[in-house]
Amino acid sequence: IEFKRLVGLQSALKKIPLNKQNKEPYKSLLRRNAKLVIYSDPSAEYYVRSRLFWDLQKKYRTLPIAEDIAWAAARNPLPGECEGFVDCNFSIIRSTDGEYLNLYPKGKHSKMALKEISDHLAMISVERSNYTGPSDAAEKADFAKLVGELKSILSRVTDRDKSKALSLIDEIATAFR
């Protein structure tokens, strides 16, 4: 029931027309669910907070539905944009498809999650000149940690296509040290 509620809220949020969030019935919907939603300025949309899905997955981790909840969390849009920062993109990968694979390296959506990661990394690789790497020591340390976490997560995935993603991670990490 909790999962269906989040999915239903997600569906309702997608139906809010642009610039109509201050008009009824949207205004009341947003007010009632203020703690459950977050606004994304770049897209001018409201999203269910991803943490709610991940917390629900953790709560029901012993049940078969937990994997479906994790997949919904991985697919849930995140607010904001990375504006060409490679470390931000790695953070997005890690907190979405990477987290799904961390929990379900052999899961029913693992092939799709791996493909999403590979596609995202391939885009960064091809458009490398449009990206900016971490600039100070703290950002570089955070980036190195993300790289390590992603490599560790992908090492447990059994799909042979993981080698492409691992190779891209190494290539991008080397380019932005």
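The values are calculated or read from the model by the stated rules, or taken from the named source; none is laboratory data. Everything numeric here is computed off the predicted structure, so don't read it as measured data. Cβ placement follows ideal geometry from the backbone for every residue including glycine, while neighbour counts extend to all protein chains displayed. Ligands, DNA and RNA are excluded from the accessible area calculation, which covers all protein heavy atoms including side chains. Shrake-Rupley method; radii C 1.70, N 1.55, O 1.52, S 1.80 Å.
With respect to residue 9, is the statement that it is within 14 Å of residue 76 (Cα to Cα), assigned to a helix (DSSP H, G or I), out of contact with any Phe, Trp or Tyr (no Cβ under 8 Å at 6 or more places or on another chain) and in contact (Cβ under 8 Å) with a residue 12 or more places away in the chain true? Taking the combined requirement at face value, the residue satisfies it. Here residue 118 fits the description: open to solvent by less than 70 Å² (accessible area, probe 1.4 Å), within 19 Å of residue 162 (Cβ to Cβ) and among the polar types (S, T, N, Q). Pairing residues of segment 56-75 that are in contact (Cβ under 8 Å) with a residue 60 or more places away in the chain with residues that are β-branched (Val, Ile, Thr), at Cβ distances under 9 Å and at least 6 apart in sequence or on separate chains, gives 72/7. Report, ordered by the first and then the second residue, all pairs with beta carbons closer than 8 Å, sequence separation of six or more or different chains, a first member in segment 118-143 that is charged (D, E, K, R), and a second member that is open to solvent by 80 Å² or more (accessible area, probe 1.4 Å). Sorted first by the residue in segment 118-143, then by its partner, the pairs are 140/177.
Of all residues in segment 18-33, which are part of a loop (DSSP other than H, G, I, E, B) and open to solvent by 60 Å² or more (accessible area, probe 1.4 Å)? Within segment 18-33, 18, 19, 20, 22, 23, 24, 25 qualify. Exactly one residue out of 67, 81, 45 is in contact with a Gly (Cβ under 8 Å, 6 or more places away or on another chain) and charged (D, E, K, R): that is 67.
Checked against (1) open to solvent by less than 60 Å² (accessible area, probe 1.4 Å); (2) modelled with pLDDT of 95 or more; (3) not in a helix (DSSP H, G or I), residue 82 passes all but condition (2). Taking residue 63 as the residue in question, decide whether it is open to solvent by less than 40 Å² (accessible area, probe 1.4 Å) and over 15 Å from the mean Cα position of the chain (by Cα). Judged against the criteria, residue 63 is not a match.
Can residue 97 be described as out of contact with any Gly (no Cβ under 7 Å at 6 or more places or on another chain) and either over 22 Å from residue 159 (Cα atoms) or open to solvent by 50 Å² or more (accessible area, probe 1.4 Å) (or both)? No. Only one of the listed residues (135, 152) is more than 16 Å from the chain's Cα centre (by Cα) and open to solvent by less than 70 Å² (accessible area, probe 1.4 Å). That residue is 152.
Could you list all residues from segment 159-177 that are among the basic types (Lys, Arg) and either surrounded by 13 or more Cβ atoms within 10 Å (Cβ to Cβ) or in contact with a Pro (Cβ under 7 Å, 6 or more places away or on another chain) (or both)?
Within segment 159-177, 162, 164 qualify.
Counting only residues that are of a type outside the set (S, T, N, Q), in a helix (DSSP H, G or I) and either at pLDDT below 95 or over 15 Å from residue 98 (Cα atoms) (or both), segment 129-163 holds 7 of them. Please work out if residue 36 is at pLDDT 95 or above and not β-branched (Val, Ile, Thr). It is true that residue 36 is at pLDDT 95 or above and not β-branched (Val, Ile, Thr).
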